[in-house]
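Please read the structure below before turning to the comments.
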Amino acid sequence: MDTQATARIPRPFEQIPDSRRANRRHKLIDILTIALFAVICGADGWVAVAAYGRAKKTWLATFLDLPHGIPSHDIFGDVFAKLQPEAFERCFMEWMKKMVQLSGGKLVAIDGKSLRHSFEHGWDKAGMAHIVSAFVQANHLVFAQVKTEGKGQELSAIEKLLGLLELNGAVVTIDALGCQKETAQQILDAHGQYILQVKDNQPTLHAKLQATFADAILDKFAGLEHDYFTETNGGHDRIETRRAWVCWDVSLLGELTKQWPGLKSLIVVERTREINGHKSIERHYYISSLDRRTKAKRMAGYIRGHWSVENNLHWQLDVSFREDERRIRKGHGAENFSRLCRTALNLLKNEKTQTVGIAIKRQICGWDCDYLLKVVAV
């Protein structure tokens, strides 16, 4: 194999150990490379991956060994069912570190997603896979992901995911599920900052924040060190106004202040929606380790930015990669195929020469091998 051809193999894949104990007719690096290229080009299952390999066999053979040709779809399924997710994740993270650095106040949104058809039987959804991802909002890239052991186990997955990250000053946002003292400490230990939403799973803290901000807003924050920001958006008979207050007098929480590691600020965001003349108002509460240098406008930006994980990750995985329709249920197959999709999505987003959507970029990769190589050349 010449040097030029070898450079076309995704290097991070070479670090993944082979979990097969027998039947190694096909090289693992060949299987991994074909699968990634196929998913980038539009494959949505192992049958499609194998079909892509057969269609591109002549080209693939210029830089892969393929000692026994293209593997069957069963072999692809078996290999990825046995492939250790932890090893695949380490490879994934090394690749992502070349694309994005977690530092300087970047927003890292942590959120979970179910793979809806990953259970074995329609009458028993206990085996459904759930993925918790760390999403870097500035680059719209997934940085890391971990599978949970069930719908009720997201918190343990969040803890595991945070254990993989060196945050270097990044700001982590998590919804109310992650509002735990241990989670806050773990983020600080990883050299990051946190903004945690507070709801009824922390009833005492939630009630105290509600009462504290109700009084403060009524008294116009008299005597309290605070900042305020408001913005309004509208269109199609809909107007939404968001008002954010941040208060740095955390001693207002009394004894609760000492219970939350690194607590520096309290935040309330009030959303007023007017749709066809009907008005609704709701308030959401947050605690943060960010100090008075972070003003209300930026706090509001972090909080709103958290939901970009829904718009820029989950929505694209469902629409562009049809993740909710996929039926891969064997071993680690669903989790590992999901990681292939997230790798593909990151690589496609990172390539900027084509100013088209992800779906069209995938088609171009299938048509133009040179462009495909440009996408994976990180």
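The values are calculated or read from the model by the stated rules, or taken from the named source; none is laboratory data. On a predicted model such as this, the values are computed, not experimentally measured, just so you know. All Cβ positions, even for glycine, are placed from backbone atoms using ideal geometry, and neighbour counts span all protein chains on display. For the accessible areas, the whole protein counts, side chains as well, though only heavy atoms, and no ligand, DNA or RNA atoms are used. Shrake-Rupley method; radii C 1.70, N 1.55, O 1.52, S 1.80 Å.
Name the residues in the stretch 175-184 that are open to solvent by less than 50 Å² (accessible area, probe 1.4 Å) and either part of a loop (DSSP other than H, G, I, E, B) or not small (Gly, Ala, Ser) (or both), would you?
175, 179, 180, 183
For the stretch 71-84, enumerate the residues that are assigned to a helix (DSSP H, G or I), surrounded by 18 or more Cβ atoms within 10 Å (Cβ to Cβ) and touching a helix residue (DSSP H, G or I) at 6+ places or on another chain (Cβ under 6 Å).
76, 77, 79, 80, 81 - these are the residues of the stretch 71-84 that are assigned to a helix (DSSP H, G or I), surrounded by 18 or more Cβ atoms within 10 Å (Cβ to Cβ) and touching a helix residue (DSSP H, G or I) at 6+ places or on another chain (Cβ under 6 Å).
Condition check: surrounded by 18 or more Cβ atoms within 10 Å (Cβ to Cβ) and either in a helix (DSSP H, G or I) or at pLDDT 95 or above (or both). Does residue 39 satisfy that?
yes
Go through the stretch 245-259 and give me each residue that's over 14 Å from residue 205 (Cβ atoms) and in contact with a Ser or Thr (Cβ under 8 Å, 6 or more places away or on another chain).
246, 247, 248, 251
Considering every residue within the stretch 200-211, establish whether at least one is of a type in the set (D, E, K, R), under 19 Å from residue 299 (Cα atoms) and outside any helix (DSSP H, G or I).
Checked against the condition, which is being of a type in the set (D, E, K, R), under 19 Å from residue 299 (Cα atoms) and outside any helix (DSSP H, G or I), the stretch 200-211 yields no hits at all.
Listed here are the residues, each with its yes/no results for (1) open to solvent by less than 10 Å² (accessible area, probe 1.4 Å); (2) touching a Ser or Thr at 6+ places or on another chain (Cβ under 6 Å); (3) in contact (Cβ under 8 Å) with a residue 60 or more places away in the chain; (4) not in a strand (DSSP E or B).
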residue	(1), (2), (3), (4)
261	no, no, yes, yes
273	no, yes, no, no
284	no, no, yes, no
300	no, no, yes, yes
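Report yes if some residue within the stretch 122-144 is among the small types (Gly, Ala, Ser) and at pLDDT 85 or above; otherwise report no.
Checked against the condition, which is being among the small types (Gly, Ala, Ser) and at pLDDT 85 or above, the stretch 122-144 yields no hits at all.
Which residue out of 32, 64 is assigned to a loop (DSSP other than H, G, I, E, B), open to solvent by less than 10 Å² (accessible area, probe 1.4 Å) and either in contact with a helix residue (DSSP H, G or I) (Cβ under 7 Å, 6 or more places away or on another chain) or basic (Lys, Arg) (or both)?
Of the residues listed, the single one that is assigned to a loop (DSSP other than H, G, I, E, B), open to solvent by less than 10 Å² (accessible area, probe 1.4 Å) and either in contact with a helix residue (DSSP H, G or I) (Cβ under 7 Å, 6 or more places away or on another chain) or basic (Lys, Arg) (or both) is 64.
Table: residues versus (1) surrounded by 15 or more Cβ atoms within 10 Å (Cβ to Cβ); (2) in contact with a Leu (Cβ under 7 Å, 6 or more places away or on another chain).
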position	(1), (2)
173	yes, yes
186	yes, yes
196	yes, no
206	yes, no
221	yes, no
234	no, no
244	yes, no
264	yes, yes
267	yes, no
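Which of the residues spanning the stretch 333-378 are open to solvent by 20 Å² or more (accessible area, probe 1.4 Å) and outside any helix (DSSP H, G or I)?
352, 353, 354, 355, 356, 357, 368, 377, 378
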